[in-house]
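Asker: Next up is a structure, given as structure tokens.
Nothing in this text is a laboratory measurement; each read-out follows from the coordinates by a stated rule. Predicted model only: the values in this text are computed from it and were never measured. Neighbour counts are summed over all protein chains in view; Cβ atoms, including those assigned to glycine, are modelled from backbone coordinates with ideal geometry.
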Amino acid sequence: MPTCDLLLTARWLLTQDDARREIEHAALAVKDGLVAAVGPAVDLERDWRPAERLDLGHCLVMPGLVNGHTHAAMSIFRGMADDLPLMEWLTRHIWPVEKDLTPEIVHLGAMLACAEMIRTGTTCFADMYLIEAETAKAVDISGLRGLLAEGIFAFPSPAYTDLAAGYALIEELFERYRGHPRIRFAIAPHAVYTTTPEILAQAFALAEKHDVPFMLHLGETAQESRDCLEKTGHRPLAYLDGLGCLAARTVLFHAVDLHPEELERVAAAKAKIVHNPQSNMKLGSGVAPVAAMLQAGVSVGLGTDGAASNNDLNMFSEMTSAALLAKVSGLDPTLLPARDVLDMATRGGAEAFAWPALGSLAPGQAADLIALDLAAPNLTPLYHPASHLVYAASGHEVRLTMVGGRVLYRDGGFTGFDYPALLAEIEKLRRWVAGRNGLAS
Ligand SMILES: [Zn+2]
């Protein structure tokens, strides 16, 4: 009889496998951090000899969510300044604090972000920020998985004085995390309007050299498109393509202002898009044409963006927003059904970031999973699991979060770090940030 490290049993298992199987009275065997088997509990209990058992009872087990776009450490800016025009918000509130960012601040902000994501069912996230080495440390400590990138700009950042130093830092991060089971690095120029043609081409060459995703904000607002057209003679997508940077490894964040023919161009290049509905709504950026993206055959993931413009990192509320926004903006309730949204939040992210072991639970896949309490009043009664996950769950029904077979959170407790101690550090940091913003501390 084959052995496994752990045999999980639960009322429901949503596999997100190729057949999108939903198994009632299910079990899942974990071995060496991977899924060894899934199926009806009676079969697995008969066929497997586990070292340990975990009966989750009236829970639903599903793949951990993949947050396709974050600036994790910006969690320290949550709720600091809202309801402002973008430029006023950036120049008066965000940049004055960001210019004095230290490794310690980034580390604490990223730890808080990891805690929030673990708590609300995210097991992997794609991040772009400053002093990303500290985000990597936070990911390592928390036990999460991350695809991380040091933001590349045409101007100095708190992480590097000039571009040559920036590229050296990026090379060093690739070297330091080579072969790490949970942490990968990618290349992320911030956007077309904060870089130059030379930087974009250099960054793309770097992504090709390391064979990793190349990701950037693109088409976030109509204003960005107008400015790009005026400056370069092309809208952002054509500009990027003209530089040879539109390819299967390219991941576009936001993609709000993309015309139908531009979506065809994205699809033809097999480039990916990550949709950020709440950030787009809160900043008044517009509505990304997600249904049209899927129709055009583009692979789409889902992300929260940073907590300064969302204001949380909760992929359950992001799924609700994605579905509702598509329907109300298209005046059509059939647009973006729950199944498609669930695919975006799991398989879509795995595909965007070329990490095929994620996003579904099947033999050989990573044992990255979450369990939600189906006894919660808002999840009762249950007819269609996908419906509840997209329209009714808040994320706070998550009772267990596991990455690579290791439990990171269970019933209120984090296993990788001391959450009350983290809160105390964040409180000190809050006073520092508030002081710089002229807020009462
Ligand atoms: Zn962003």
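Asker: Within the range 110-130, track down each residue that is among the hydrophobic types (A, V, I, L, M, F, W, C) and on the phi > 0 side of the Ramachandran plot.
Answerer: Correct list: empty.
Asker: Inspect all residues belonging to the range 404-425 and state whether any of them is farther than 22 Å from residue 53 by Cα, hydrophobic (A, V, I, L, M, F, W, C), surrounded by 15 or more Cβ atoms within 10 Å (Cβ to Cβ) and in contact with a helix residue (DSSP H, G or I) (Cβ under 6 Å, 6 or more places away or on another chain).
Answerer: Scanning the range 404-425, I find at least one residue that is farther than 22 Å from residue 53 by Cα, hydrophobic (A, V, I, L, M, F, W, C), surrounded by 15 or more Cβ atoms within 10 Å (Cβ to Cβ) and in contact with a helix residue (DSSP H, G or I) (Cβ under 6 Å, 6 or more places away or on another chain), so the answer is yes.
Asker: Out of the residues in the range 209-230 that are under 15 Å from residue 258 (Cα atoms) and assigned to a helix (DSSP H, G or I), which is nearest to the ligand (Cβ to nearest atom)?
Answerer: 224
Asker: Answer yes if at least one residue in the range 251-271 is under 14 Å from residue 341 (Cα atoms), in contact (Cβ under 8 Å) with a residue 12 or more places away in the chain and within 16 Å of the ligand (Cβ to nearest atom), and no otherwise.
Answerer: Checking the range 251-271: not a single residue is under 14 Å from residue 341 (Cα atoms), in contact (Cβ under 8 Å) with a residue 12 or more places away in the chain and within 16 Å of the ligand (Cβ to nearest atom).
Asker: Tell me which helices (runs of 4 or more DSSP H) are completely within the range 1-98 and hold 2 or more residues being touching a strand residue (DSSP E or B) at 6+ places or on another chain (Cβ under 8 Å), buried (at least 19 other Cβ atoms within 10 Å of the Cβ) and not β-branched (Val, Ile, Thr), or say none if there are none.
Answerer: Where helices (runs of 4 or more DSSP H) fall fully within the range 1-98 and carry at least 2 residues being touching a strand residue (DSSP E or B) at 6+ places or on another chain (Cβ under 8 Å), buried (at least 19 other Cβ atoms within 10 Å of the Cβ) and not β-branched (Val, Ile, Thr), they are 41-47.
Asker: Give me the residue from the range 210-233 that is buried (at least 17 other Cβ atoms within 10 Å of the Cβ) and among the β-branched types (Val, Ile, Thr) and, out of that set, farthest from the chain's Cα centre (by Cα).
Answerer: Only one residue fits best here, namely 221.
Asker: Taking the range 99-132 only, how many residues are of a type outside the set (Gly, Ala, Ser), within 16 Å of the ligand (Cβ to nearest atom), part of a helix (DSSP H, G or I) and farther than 20 Å from residue 352 by Cβ?
Answerer: The number of residues fulfilling the criteria is 1.
Asker: If the Cβ limit is 6 Å and pairs must be 6+ apart or interchain, which residue in the range 133-145 that is touching a residue at least 12 places away in the same chain (Cβ under 8 Å) and in a helix (DSSP H, G or I) pairs with which residue that is of a type in the set (Ser, Thr, Tyr) and surrounded by 24 or more Cβ atoms within 10 Å (Cβ to Cβ)?
Answerer: none
To keep it simple, each residue is scored yes or no on (1) assigned to a loop (DSSP other than H, G, I, E, B); (2) in contact with a Pro (Cβ under 7 Å, 6 or more places away or on another chain); (3) farther than 30 Å from residue 2 by Cβ.
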site	(1), (2), (3)
346	no, yes, no
349	no, no, yes
354	yes, yes, yes
370	no, no, no
378	no, no, yes
388	no, no, yes
408	no, no, no
424	no, no, yes
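Asker: Is at least one residue of the range 196-204 within 14 Å of the ligand (Cβ to nearest atom) and either assigned to a loop (DSSP other than H, G, I, E, B) or in contact (Cβ under 8 Å) with a residue 60 or more places away in the chain (or both)?
Answerer: no
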